[in-house]
Amino acid sequence: MSKKHLAIYLKDHFAGSEAGLAILEHIEAAHGVGRIADITARIRREIEGERTVLAQLLDRLDESSSTPRRVAGWMSEKALALKLIADDPGNGALRLFEAVEAVELGVHGKRGLWKALEANAGQVPELATVAYAPLIKQAEAQEALLEILRLEASKAAFANDS
């Protein structure tokens, strides 16, 4: 794995996590206190910790998070937010369903990130300093929780579709 390519890959995931965090914050704000907010708050805190791992890896590569990529992540989140508002102006079940699905897709990609980094840790010394198994398990747990929320939200969204 080229260190240049590795740095690009890490920066892309760092930027993507920024969008995911913003979506989770919107879900929490919209759903206040309760199970949905509890789950999204937990996942948000875990992602914030995972971003620290990404930042440390970038530091080891003498790189930093990319401002253009972070702006692109921010813009992606804003575009998704506009789409969700257009699809469900009342902040209802469809908006929740699509927001949770977007985060779940990001978490799936993040699980792939950890697996790819783990697969290359023997060849790239900067990657060998991270314990990937717990990160992979955490991503799997996040996916499972998000899948439960997604399916619950789909039932509400499709049942209310008139």
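Please treat every number below as a calculation from the coordinates, not as lab data. The model shown is predicted, which means the values in this text are computed figures rather than measured ones. Cβ sites come from the backbone with ideal geometry, for glycine too, and all protein chains shown count toward neighbours.
If neighbour count is taken as other Cβ atoms inside 10 Å, put 26, 108, 5, 13 in order from fewest to most.
The fewest-first ordering by Cβ neighbours comes to 5, 108, 26, 13.
Suppose the chain between residue 33 and residue 158 were pulled fully straight at 0.36 nm per residue; how much longer would it get relative to their current alpha carbon spacing?
Result: 42.6 nm gained on full extension.
Tabulate in residue order the Karplus-calculated ³J(HN,Hα) for the stretch 37-43, using 6.51 cos²θ - 1.76 cosθ + 1.60 with θ = phi - 60°, rounded to whole Hz; enter x for Gly and Pro.
Residue by residue, the stretch 37-43 yields 5, 4, 5, 5, 5, 4, 5 Hz.
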